[in-house]
Every structure is written in C-alpha cells, then in structure tokens.
1. Could you check segment 119-167 and list, in sequence order, the residues that are polar (S, T, N, Q), surrounded by 19 or more Cβ atoms within 10 Å (Cβ to Cβ) and within 16 Å of Tyr199 (Cβ to Cβ)?
2. Just to be sure I understand the filter: pairs with C-beta atoms under 6 Å, separated by 6 or more residues or on different chains, first member in segment 225-236 and open to solvent by 30 Å² or more (accessible area, probe 1.4 Å), second member more than 7 Å from the ligand (Cβ to nearest atom). Which pairs pass?
3. Can you tell which of Thr165, Thr172 is within 16 Å of the ligand (Cβ to nearest atom), assigned by TED's automatic domain parsing to the domain that holds Gly100 and modelled with pLDDT of 95 or more?
4. Take the residues in segment 199-210 that are without any contact (Cβ under 8 Å) to a residue 60 or more places away in the chain and of a type outside the set (Asp, Glu); name whichever of them is nearest to the ligand (Cβ to nearest atom).
5. Among the listed residues Gly329, Gly242, Gly248, Gly305, which satisfies the condition of being within 16 Å of the ligand (Cβ to nearest atom), at pLDDT 95 or above, assigned to a helix (DSSP H, G or I) and under 27 Å from Ser179 (Cα atoms)?
6. Can you tell which of Gly246, Gly283, Gly213 is at positive phi and touching a residue at least 24 places away in the same chain (Cβ under 8 Å)?
7. Name the pairs whose Cβ atoms lie under 8 Å apart, with the first residue in segment 98-112 and in contact (Cβ under 8 Å) with a residue 60 or more places away in the chain, the second within 10 Å of the ligand (Cβ to nearest atom) and part of a loop (DSSP other than H, G, I, E, B), and 6 or more positions between them or separate chains?
8. When you check Asp55 against the structure, is it under 21 Å from Ala320 (Cβ atoms), acidic (Asp, Glu) and away from the ligand (no atom under 15 Å from the Cβ), yes or no?
Amino acid sequence: MKPLADSLRRLGTETAFETLARAKALEAQGKEIIHMEIGEPDFDTPNYIKQAAKDALDQSYTHYTPAAGIVPVRQTIADYVAETRAIPVEAENVVVVPGGKPIMFYTIMMLVNPGDEVIYPNPGFPIYESMINYVGGVAVPLPLREAREFSFDLDEFRSLVTPKTKLIIINTPSNPCGSVMSKADVEGVAEMALKHDCYVLSDEIYSRILYEGKHYSIAQVPGMQERTIILDGFSKTYAMTGWRLGYGVMNTDLAFWVTRLMTNSNSCTSAFTQMAGAAALKGDQSGVDEMVAEFRRRRDVLVEGLNQIPGIRCLKPRGAFYVFPNVTGLKRSTKEIADLLLHEAGVATLSGTAFGAYGEGYLRLSYATSLANVRKALERMRRVLTA
Ligand code: PLP
C-alpha cells in the first residue's frame, strides 16, 4: 500500500493514556494499581449538572447546533469569563468545542505556518509540542525551572522571542508542575507579545484549581485581549472529563476561523452536553470549593510524604492536582523509576519526560485519587525505592 502522510511522523502523543492502558493490562492480570498517572478528578460530576443533561435530552437537545455552539450557552460562558477575568466578553467571542484540547489544535492550525516559531512551556502539556511540529512550525521550548518554583526566567523568555515568533503558549496553573505564573511574569509575556505582534494561547483549564491567590489571565493586561485565545472548559473544574466540553474565547475574526475548523471537523459539540455546561456555570459552585479543599489535603500529605523518601525532593504546588518531584537523587533514569513503580509498587506515575525534554529528572504524580490511596502509594513507593 502507498505510504501514509509524512506529517504523521511529526505527531506526538500523550503518554498518560499509554501508561493508563499498561496499568489497566496489569489490573486485568489481577494486580492492584494505584492510578496517579491520569489527569482527571476522581470526583463524580455534580448531580445538578447530570440532571440538566437529562432534562436537555427530554427536551430533545439531540440535534446539530450551530458550529460555534448554542447562542445562549455561548452567552452564559461569555458572562462567566467576563466575571472571572474582569474583561468584556460577548457570545460572539466564544466558540464551544468538545473539550479544552480542540482549542489547542485549532489555534495552532489557524495561526502557524511552516517555519513560524512558537514558544511553549517545557515541561508542559505534550500536545502543544506535538501540534506545533505537526503543522511544520518551529517548537521553541521555554524551560520551567525548579529553582524558580517551576516558573521561567523572564530574561530567558525575552531572549527566545524573534521576528519569527507567531504564537506564545502559556499555561497557568501548570500541568505538569502545578506552578502558577506571577502577575509580573504574565505582564512580562504580554509586553513581548505586544512589542513583537505575537498571539498568545493562554491555557487556563486549571484556573479554578488554585490553592492561594486569584487567577490572573493575560487577557486582563491592557491591549492583550484581542491577541489572546483563552482555553478553558469543564473537564477539570466540574469533573466532566468524559463529557468532552470546553471552549475558546477570542476576537471575532479568530472565532470565525475556529468555527470554520469546527465545521470541517466536528460540525458542533453535543447539544445536551452544552446545555449541561451552561447549567454547571449557573448552578451552585460549592462542589468546586469542596473539591479544591480535598485536593489541598491530599497535596499536603503527598508532598510531605515524598520529601521523606531519600532521593526525592518535592515542591508544594500552588494549583492544579499534580506534583512534580525531583528524583535525580535516586540515580536512575526517570523512565526506569516510573517502570519500577508501576511493576514493583503498583503505583502508576509518569516520567517527567512525557512533558518534554526538560522533564528529565522528575516524575509527575496526579493526586486526583483518594487520600487513602495517596497514603498507600507513599508507603509502597518508600518500600520499593529504599529497598
Ligand atoms: N490543557 C491542559 C494543561 C491539560 O492538562 C488538559 C487535560 O489534561 C487539557 C488542556 C485538555 O482538557 P480536556 O480534557 O478538556 O480536553
């Protein structure tokens, strides 16, 4: 048969799904695995959101919707983003898509020509690098440094911006590091984006999972809103990963093209899911606060426990639900350590390299699992790693 498209060779992946499959295969053989590899809340979607989906089905929200989403749903999202970011947003700025991820895909497809440079966080969500390479862009890693609590050096960032820089990707709070960008860093990025006429993709999917302070979006910096695409969604905040619901907020010219890409790929996002999303934003938000409080308890236990294992050093993250411990003291490659933990301790984790070259020397553990599991995982890790 004739060969597949050359571009496929440039496409990366998300190792979390592969590790999950390996962990499931071990479970099928009767092994008990503690899942700390996958980035999804272990909580159930709140009942009022499920009820809204059921009501929407009964009201026959079972057909195609406009490609950019149901207008009142876009309006509800616009009001929410306007309130949480203190910026003016209208329904026409919002494109509803199946999950947060498609906004990465569409933004990079829409903006990046072969040879255009894109600055992205490394370690960072692997799909940024994958998609930049896929479209033939030049992926320019912005290292996140442990010595700076996994933020970047602003001077180093400035040195990476060139006349070819088309897009800058930021992610705060960060997956995999759990770090939160300071206001000064956000403003530093904005200054360069304005000076060099760059777009910014601001991945704010964890903006509600914060342990201190208030989320500050780069779209709030004067002059930045028109060149920023905000990525957000429902997966993490409302434990709705399987519903596939997210959105982008952008200027109307960009919204036109993202909508065109939606028309060419998905046609639209599921109708009743959109209705449930609107209900999620309008309903009682106490479930989100309770979830964050529980994540905080687990984070504190996990960080303390990891720091007690010889050879491991772990910073306390300020957001999201991941820790990114330094394991260089264990004197083995991180892939080896992750394999050992999976097979010998029954704890599924990810090597930091799943998030880019700057992840070598680190592991990523998700604490979206019960406190009892966190404690058990710590015991097993200590046993295997100190044997
Ligand atoms: N952005 C970041 C940083 C993420 O970690 C994830 C999911 O893990 C996403 C976006 C995608 O979220 P969704 O499941 O809504 O597509």
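1. Within segment 119-167, Thr165 is the sole residue that qualifies.
2. If the second residue must be more than 7 Å from the ligand (Cβ to nearest atom), the pairs left are Gln225/Ile87; Gln225/Ala219; Glu226/Asn251; Arg227/Tyr199.
3. Thr172
4. For segment 199-210, the residue satisfying everything is Ser202.
5. The match here is Gly242.
6. Being at positive phi and touching a residue at least 24 places away in the same chain (Cβ under 8 Å) holds for just one of Gly246, Gly283, Gly213, which is Gly213.
7. These pairs meet every condition: Pro98/Arg244; Pro98/Leu245; Gly99/Ser235; Gly99/Arg244; Gly99/Leu245; Gly100/Ile205; Gly100/Ser235; Met104/Phe125.
8. Spelling it out, it is not the case that Asp55 is under 21 Å from Ala320 (Cβ atoms), acidic (Asp, Glu) and away from the ligand (no atom under 15 Å from the Cβ).
The values are calculated or read from the model by the stated rules, or taken from the named source; none is laboratory data. Nothing here was measured: the structure is a model prediction, and the numbers come from that model. When we count neighbours, we look across all protein chains shown, and the Cβ atoms used for this are built from the backbone with ideal geometry, even at glycine. What goes into the accessible areas is simple: the full protein's heavy atoms, side chains included, and nothing from ligands, DNA or RNA. Shrake-Rupley method; radii C 1.70, N 1.55, O 1.52, S 1.80 Å.
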